[in-house]
Amino acid sequence: MNPPEKSCVFLPHGGYRKLRSYKVAEAVYDATVVFCRRFYGQNRRMSDQMVQAARSGVRNISEGSGAAATSRKSEMKLTNVARASLSDELLRDYESFLRQNGLRVWPKDSREALAMRARLAQDHAPDLPPAPGGGVRLQGLAGLSEFVKLAAPELAGNAMLCAVNQAAYLLKRQLESQGKTFVASGGFTEKLYGARSQARRSDRSDKSDKSSPSEKPPCPVCGQPMLLRTARQGPKTGQPFWGCSGYPDCKGTLSVPSSDKPDRSVKSDKPPRKS
């Protein structure tokens, strides 16, 4: 008989290669290398900065996916770094390239931009008519690097703008989804902190609770044994009460009858002073 498998304490993580945001960001990274070799071959500093921004967009997605095993907060932070690298750095560099070379930046709702985005939304765009004049035509996301290598500068620059915008938009949606998950269930680190805090509170309550197990009433809310506690604030500060041992998940309480309250009076063996 095989021993039972141990349940994994880490949260679901990985699988980033299946994300559309990762696929688009990876295509942007590969095409940026080709673009910089072609147009910034003599400007090593500019080339390095653009390639590093594109690389950050890819690697922070994979690192964030791994970080999700222990902290949803870290996952969100790294996802946002990936988004910022693409939308706040790389996108502006491509806009600058077009502007500084006297080339047109396509409006996002223009016919050219809409057609380019439609092709980038597919890995492969089959059955496209040949490009006029023997030019090159984008054959989908998988053909982005080849298109950038051969297309006219204005076409190559605007294709990269569309691809970077698409990756940044997908990462923004991904970040919103991660935020909802974090609010709803937290992460491994956050849950571990909560469990430790609850254990410490319970431990302090157990040490101060001198009642025997048979004297502890069940919680009227969840049925768990209750612990004898002392109010630390409010109008009943210093008075004992029964609190659920499942706190903070359960906040059931019971008052302690006067006859059951511990005698806190101080006894003295000294004779009373004579007036």
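I'd like the carbon and sulfur percentage of the solvent accessible area for the range 56-165, probe radius 1.4 Å, heavy atoms only, ligands and nucleic acids excluded.
52 percent
Return the sequence-ordered ³J(HN,Hα) values of the range 145-161 in whole Hz as given by the Karplus equation 6.51 cos²θ - 1.76 cosθ + 1.60 applied to θ = phi - 60°, using x for Gly and Pro.
4, 5, 5, 5, 5, 10, 6, 4, x, 5, 5, 5, x, 6, 4, 5, 4
Residue by residue through the range 17-23, which ³J(HN,Hα) values in whole Hz follow from phi under the Karplus form 6.51 cos²θ - 1.76 cosθ + 1.60 (θ = phi - 60°), with glycine and proline marked x?
Values per residue, Gly and Pro as x: 5, 8, 6, 5, 4, 5, 4 Hz.
With every protein chain present, what is the per residue accessible area of the range 124-180 (1.4 Å probe, Å²)?
Accessible surface, normalised per residue, equals 49 Å².
Enter the accessible area of Tyr169 (Å², nearest 10), with the probe set to 1.4 Å and all protein chains included.
Roughly 120 Å² of Tyr169 is accessible to a 1.4 Å probe.
The values are calculated or read from the model by the stated rules, or taken from the named source; none is laboratory data. Just so it is clear, the structure is predicted and the values come from calculations on it, not from any experiment. Accessible surface areas use protein heavy atoms only, side chains included; no ligands, DNA or RNA. Shrake-Rupley method; radii C 1.70, N 1.55, O 1.52, S 1.80 Å.
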